[in-house]
Amino acid sequence: MNYEIEIVEGHDYSSYFWFRPVVFEEECDSIWDGTVELEEEFCIEEEDIDCFLAYFFYKYFDDELIYNRKRYEWGERVKGFQWYLTYNFFTYETLKKMIEDILETAALLETDYDNPRLDEVKKKYSIFYMCSRDDPDYKKFSIFNACSKKGLSYDGEDVAIKKHISVVIDFYHRFAKRLAAMMDNNRNTNIISIMGP
């Protein structure tokens, strides 16, 4: 396996999601006043998030978490996991459950790829984010890329995805390890913000 889905250390201002531990001052009414971002950070490109991780972020997002209830824009409460420049807060407890789910998914992808339990998580997998542009499988489907829609699978793409699934399995393991390390490195808080570009 030569291709690797990138996890960038530090901050990238372009189309990346930012992962940062935060301290939240509960007495503050607004997250914009009460959120202190800690120094450690890593980023993942938004298309990689959309294809491989968004399923888990939506599944584990807690709309009733006190910090998420204080998200307001233009006087309206922001609900649900948000994509653009909005804090999405997750507690360490929730993230540990999510990591466990991601690792179980990785194990199933490796041992039982066609298991119906994987149907939802695989819906947005795309060969375009699983191999390099010079890979024959990328080239085979690139003619459709200009008019592709999210979640739309082309004839034979599922075979190519299955062939390259080790890339996703590796990414899940590296992501789980990096997120766990962030929690371990920042024991003075129990919240991580995931913010989209």
Query raised in the report: Where does region 62-133 land on Rg(C-alpha)/(2.2 N^0.38 Å)?
Result: 1.48
Query raised in the report: What number, in percent, do you get for the relative contact order of region 28-91 if the mean sequence gap of Cα pairs under 8 Å and at least 6 apart is divided by its residue count?
Result: 31 percent
Query raised in the report: Can you work out the FRET efficiency for the pair N185 and Y113, with r the C-beta to C-beta distance and R0 = 35 Å, to the nearest 0.05?
Result: 0.55
Query raised in the report: At what distance in nm do the modelled label points of K79 and K163 sit from each other, each positioned 7 Å from its Cα along Cα→Cβ?
Result: 4.5 nm
Query raised in the report: Where does the Debye-calculated log10 I(q)/I(0) of region 14-126 sit at q = 0.12 Å⁻¹, using only Cα point scatterers of equal weight, no solvent?
Result: -0.50
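Counting only protein heavy atoms, what percent of the accessible surface of the chain is carbon or sulfur at a 1.4 Å probe? Walk me through the intermediate numbers first.
On the way: 5190 of 10590 Å².
About 49 percent, which is the carbon plus sulfur part of the accessible surface.
Could you pull out the pairs from K124/K163; K97/K162; K79/K122; K97/K122; K97/K163 whose alpha carbons sit more than 21 Å apart here?
Flagged as over cut-off: K97/K162; K79/K122; K97/K163.
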Report summary line: Expressed to two decimals, the chain has a Cα Rg over Rh, using the Kirkwood radius, of 0.99
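Could you grab the relative contact order for the chain? Cα pairs under 8 Å, six or more apart, rounded to a whole percent.
Rounded, it is 35 percent for the chain.
The values are calculated or read from the model by the stated rules, or taken from the named source; none is laboratory data. The structure presented is a predicted model; accordingly, all values stated were derived computationally and were not measured. Every residue, glycine among them, receives a Cβ derived from its backbone with ideal geometry; neighbour counts consider all protein chains shown. Side chains are part of the model used for accessible areas, which takes the heavy atoms of the whole protein and leaves out ligands, DNA and RNA. Shrake-Rupley method; radii C 1.70, N 1.55, O 1.52, S 1.80 Å.
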